[in-house]
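Written out below as structure tokens is the structure these notes cover.
The values are calculated or read from the model by the stated rules, or taken from the named source; none is laboratory data. Everything numeric here is computed off the predicted structure, so don't read it as measured data. Cβ sites come from the backbone with ideal geometry, for glycine too, and all protein chains shown count toward neighbours.
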Amino acid sequence: MKRITLVCFGKLRTAGFEAAVGEFEKRLKRYTVFEVRELRGLPVPEKEGVLRDQVSEKEADMILELISSPGFKSRSGRNPDLWCLDETGKAMKTTEWAASLADISDHGSGELVLVIGGSLGLGERILKQAQKRISFGPQTLSHELARLVLMEQLYRALSYRAGHPYHNEG
């Protein structure tokens, strides 16, 4: 895998998360070029449904603008796969993660962009462009926890693929 970019909203603020995420970022760099692009989330309006939908669509536009920008694409003529974390997505076993990453690496561009949406989720415009929608299950996770779980799962899949004993299945 040549490159994985995580696009997410907000900075890590809860004690302990920065160190844990930093550890997995360091581990991931053994297997791929890994970077995180943090976007500033929009303010969330009160319970007004129409306004809330507009926020998730505007945040989707922010993500699409980033990944289509010349600066983002210039990193090696990028044509990355796009995976989004979404509650309607598919939960995958570690071996499925590893096989999907291998497929991107061996038969695709070798580049992956993963997206964690803002607090109101992702807008349909970006979900329609995603090659995969991934879910960590029916529960709701904080963005910080979702980010940590995603990075750990990436590390687990890449290390499994490399024959490292970190993953113990069975």
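Scanning the stretch 132-146 for residues that are surrounded by 14 or more Cβ atoms within 10 Å (Cβ to Cβ) and outside any strand (DSSP E or B) gives 135, 136, 141, 143, 144, 145, 146.
Hey, any hits in the stretch 46-57 for a residue that's of a type in the set (Gly, Ala, Ser), surrounded by 14 or more Cβ atoms within 10 Å (Cβ to Cβ) and closer than 17 Å to residue 134 by Cβ? Within the stretch 46-57, none of the residues are of a type in the set (Gly, Ala, Ser), surrounded by 14 or more Cβ atoms within 10 Å (Cβ to Cβ) and closer than 17 Å to residue 134 by Cβ. Of the set (1) in a helix (DSSP H, G or I); (2) in contact (Cβ under 8 Å) with a residue 40 or more places away in the chain, all apply to residue 89 but (1). With respect to the stated conditions, residue 11 fails to be surrounded by fewer than 16 Cβ atoms within 10 Å (Cβ to Cβ), among the charged types (D, E, K, R), in a helix (DSSP H, G or I) and touching a residue at least 12 places away in the same chain (Cβ under 8 Å). Here the condition is being of a type in the set (S, T, N, Q) and more than 25 Å from residue 106 (Cβ to Cβ); of 5, 14, 32, it holds for 14 alone. Among the residues making up the stretch 22-44, those that are outside any loop (DSSP other than H, G, I, E, B), farther than 18 Å from residue 118 by Cα and within 16 Å of the chain's Cα centre (by Cα) are 22, 24, 25, 28, 33, 34, 35.
Yes/no matrix, rows are residues, columns are (1) surrounded by fewer than 20 Cβ atoms within 10 Å (Cβ to Cβ); (2) of a type outside the set (A, V, I, L, M); (3) at pLDDT below 90:
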position	(1), (2), (3)
61	yes, yes, no
70	yes, yes, yes
85	no, no, no
108	yes, yes, yes
155	no, yes, no
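Out of 102, 98, one residue alone is in contact with a His (Cβ under 9 Å, 6 or more places away or on another chain), more than 16 Å from residue 38 (Cα to Cα), of a type outside the set (Val, Ile, Thr) and outside any strand (DSSP E or B). It is 98.
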